[in-house]
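Asks: Input: one structure, supplied below.
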Amino acid sequence: MKQAKVLTSSELKRALAICETMQNGKRNRIMLLLSHYAGLRVGEIASLKWGDVLDRDEKPKPMFYLKAENTKAKEARQVHLNAKMRRELAAYWAQLHKWKKRELPVIESQKGGAFTGNSLVQAFGRVFHAAGIEDASSHSGRRWFITKLAHSGISPKVIMELAGHKQLTTTQRYIDVTDEQKRNAVEVL
């Protein structure tokens, strides 16, 4: 089975830029960033409520828990948000908070409710199609997240836990390797 494409830096920038031109562009931007910068699966993104990610002062938390019923493994797990992701969520919340409530979804459909996992997959597809990026899917961001961490020297055990995997071999299958990395690797010999 072919894996989802891991976007290059320029492709990710292009996808984020195309969001600005789309209806619901800010929502689509957050959707992409939650996939890329938090490593969330599409179903996990669809299940997020503002109350999950905001503290009592309505600021994004550096860490929150996904409920067991919202994860693939059906086990609760931690999600850590970096400073960039927290800033993006804070800006999005500030724009919407007047008519948002903590019990509503972070990624809200045009009909006003939560996306289903499948409808969110389609939303990702529309963004990637509009950006002219082939072979990308809703899983591309998760693969990008794991690959970036692995190539940054982060411990495989830490990556495994951040991804919510039970086995290191599962995490390893997500890591993308480029031809340039292979060329550089043999040059150290």
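Readers should treat all values here as calculations from the given coordinates under stated rules, not as data from a laboratory. Source: prediction; values computed, not measured. Cβ atoms come from the backbone with ideal geometry, glycine included; neighbour counts cover every protein chain shown.
Asks: Working from the alpha-carbon coordinates of the chain, get Rg over Rh, Rh being the Kirkwood radius.
Replies: 0.97
Asks: How big is the equivalent ellipsoid of segment 33-82 along its three axes, where each semi-axis is √(5λ) from the Cα gyration tensor, reported in whole Å from largest to smallest?
Replies: Equivalent-ellipsoid dimensions as semi-axes: 17, 12, 9 Å.
Asks: Using only the alpha-carbon atoms, how far is helix 140-151 inclined from the longest principal axis of the chain? Give it as 0 to 90 degrees, nearest 10.
Replies: Its long axis makes an angle of about 50 degrees.
Asks: Restricting attention to segment 24-81, which trypsin sites (Lys or Arg not before Pro) occupy a DSSP loop and are surrounded by at most 13 other Cβ atoms within 10 Å?
Replies: Answer by residue number: 56, 72, 74.
Asks: Which lysines does residue 61 reach when only Cα atoms under 26 Å apart count, and residues fewer than 8 places away in its own chain are ignored?
Replies: Answer for residue 61, where 26 Å is the Cα cut-off: 13, 26, 49, 72, 74, 84, 98, 100, 101, 148, 157, 166, listed by chain and number.
Asks: Distances over 18 Å make up what percent of all Cα-Cα pairs in segment 1-111?
Replies: 51
Asks: So, one more: From the P(r) of segment 46-134, can you give the percent of Cα pairs sitting at distances over 22 Å?
Replies: Beyond 22 Å sits 35 percent of the P(r) for segment 46-134.
Asks: Once Rh for segment 136-183 is found with the Kirkwood sum over Cα pairs, what is the Stokes-Einstein diffusion coefficient at 4 °C and 1.567 mPa s, in µm²/s?
Replies: 117
Asks: Out of the GluC sites (Glu not before Pro) in segment 52-115, which ones are loop residues according to DSSP with at most 10 other C-beta atoms within 10 Å?
Replies: When the GluC sites (Glu not before Pro) of segment 52-115 are filtered for loop state and at most 10 Cβ neighbours within 10 Å, 103 remain.
Asks: Right, another one. Please report the Cα spread of segment 107-170 along all three principal axes, rounded to whole Å, starting with the longest.
Replies: Dimensions of segment 107-170 along the principal axes of its Cα atoms: 41, 27, 17 Å.
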